[in-house]
Amino acid sequence: MHELGLATEIIRLLEDQKRQRGFLRVNIVRLRAGALSGVDRHALELAFTIAGEGSCAAGARLELDQPALTLLCRQCRGETPATQAGGPQTCPACGSSELVLRGEDGLDVVSIEVD
Amino acid sequence: MTEIPLQKSVFQRNQAQADRIRRRFAQAGLAVVNLLSSPGAGKTSLLEQTAARLAGRRRIFVVEGDLETERDADRIRAAGLPARQIQTHGACHLDAESIEQALTDVDLNAYDLLLIENIGNLICPTGFDLGEDVRVVVASTTEGDDKPHKYPEAYHASDVCVLNKIDLLPYVPFRVEAFLAAARRANPGLVFFQTSCTTGEGIDAWCEYLCALHRSPA
């Protein structure tokens, strides 16, 4: 549901670009999703296929760059991957428990390939 | 085939609308709070308690978001506050456009505080700015204390965290300290309140916080 809204917004943005720049169709859409954006890759791909029907981006390929969630240690400034279970509890480098999630929450269209 | 660099946010249209209503709110001197939670954490109950405590102290307007029904707005009106219900009919979050439409014929100058109860959902509403000053995530002790680990986006994107239903702590396995640590990991700057809408514990502190909110001049 959420991803369908996002996909609809992406299609709207691409149609705007088509009107401004006069290209025929979009073949590839390159997206960057922040680690804290809550975007699910598979849901977004499915939603994009549905939302794109009949648009200038019908059948276009979605390339989603989404960095993994990491934890930043506030003591040693080291970064470590965050696990699904919310771990690790302490910094693997210095042992501090002052770990803070690090990630962006945005979703950007980085570039498109068009004909 | 030609590559065109764009660097455009998918949220840009909502952001532009949010910026526009934020200016309207600022001109009216209205402080705006956006409340998020999972379904059933107690957002509406918290607003009912808030209505009772702040009656006569602050002029409050409430916007209620739900998929269906007018039930929550009816509850708020029964608690003595004017309320407008947005029914999204399936959409999982409120956006700035829906807030703007809901408030079209409301005289914002007649109020000090606008409380927006978002759709019960910890994922979708987080990307959508509603022009608020403060975003509040409401959790409850009947949920898992690992919620901030599982839904870090909502905690990361909020300013305040209210832990509700603390009267049930003797009966549920919820570990408050583990919850607070997990929430702080997602967002070290969170301001916490612990409340019970049944006993009234902690409601005064929450209401004093709301009373202290002032919209900075436009």
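The values are calculated or read from the model by the stated rules, or taken from the named source; none is laboratory data. The shown structure was predicted, so the numbers you read here are calculated from the model rather than taken from an experiment. Cβ: placed from backbone, ideal geometry, glycine included. Neighbour counts: every protein chain shown.
Scan the range B:187-212 residue by residue and report those that are assigned to a loop (DSSP other than H, G, I, E, B), surrounded by fewer than 20 Cβ atoms within 10 Å (Cβ to Cβ) and hydrophobic (A, V, I, L, M, F, W, C).
Residues satisfying the conditions are B:Leu190, B:Ala212.
Among the residues of the range A:1-34, count how many are among the β-branched types (Val, Ile, Thr) and facing another protein chain (nearest Cβ under 7 Å). Quick ask: steps written out before the conclusion?
Start the filter on the range A:1-34 by keeping residues that are among the β-branched types (Val, Ile, Thr), which leaves A:8, A:10-11, A:26, A:28-29.
With the extra rule that they be facing another protein chain (nearest Cβ under 7 Å), the set shrinks to A:10.
Within the range A:1-34, residues that are among the β-branched types (Val, Ile, Thr) and facing another protein chain (nearest Cβ under 7 Å) number 1.
For the range B:174-183, name all the residues that are surrounded by fewer than 19 Cβ atoms within 10 Å (Cβ to Cβ) and either of a type in the set (D, E, K, R) or in contact (Cβ under 8 Å) with a residue 24 or more places away in the chain (or both).
B:Arg175, B:Val176, B:Glu177, B:Ala178
Right, A:Asp105: of a type in the set (Asp, Glu) and at pLDDT 95 or above or not?
no
Can you tell me which condition B:Gln17 does not meet? The list is (1) without any contact (Cβ under 8 Å) to a residue 40 or more places away in the chain; (2) farther than 19 Å from B:Ile123 by Cβ; (3) within 14 Å of another protein chain (Cβ to nearest Cβ), and all the others hold.
If we test B:Gln17 against (1) without any contact (Cβ under 8 Å) to a residue 40 or more places away in the chain; (2) farther than 19 Å from B:Ile123 by Cβ; (3) within 14 Å of another protein chain (Cβ to nearest Cβ), just (1) comes out false.
Yes/no matrix, rows are residues, columns are (1) among the hydroxyl-bearing types (Ser, Thr, Tyr); (2) surrounded by fewer than 22 Cβ atoms within 10 Å (Cβ to Cβ); (3) in contact with a Phe, Trp or Tyr (Cβ under 8 Å, 6 or more places away or on another chain); (4) under 15 Å from A:Glu3 (Cα atoms):
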position	(1), (2), (3), (4)
A:Gln17	no, yes, yes, no
A:Gln20	no, yes, no, no
A:Phe23	no, yes, no, no
A:Val26	no, no, no, no
A:Arg30	no, yes, no, no
A:Asp40	no, yes, no, yes
A:Glu45	no, yes, no, yes
A:Gly54	no, yes, no, no
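Go through the range B:114-134 and count every residue that is surrounded by fewer than 21 Cβ atoms within 10 Å (Cβ to Cβ) and away from chain A (no Cβ under 14 Å).
Qualifying residue count for the region: 2.
Looking for whichever is within 8 Å of another protein chain (Cβ to nearest Cβ), part of a loop (DSSP other than H, G, I, E, B) and of a type in the set (Ser, Thr, Tyr) here; the options are A:Ser96, A:Ser111, A:Ser37. Which one fits?
Checking each option against the conditions leaves just A:Ser37.
Would you mind finding the one in B:Thr104, B:Thr50, B:Thr2, B:Thr88 that is surrounded by fewer than 20 Cβ atoms within 10 Å (Cβ to Cβ), in contact (Cβ under 8 Å) with a residue 24 or more places away in the chain and hydroxyl-bearing (Ser, Thr, Tyr)?
It is B:Thr88.
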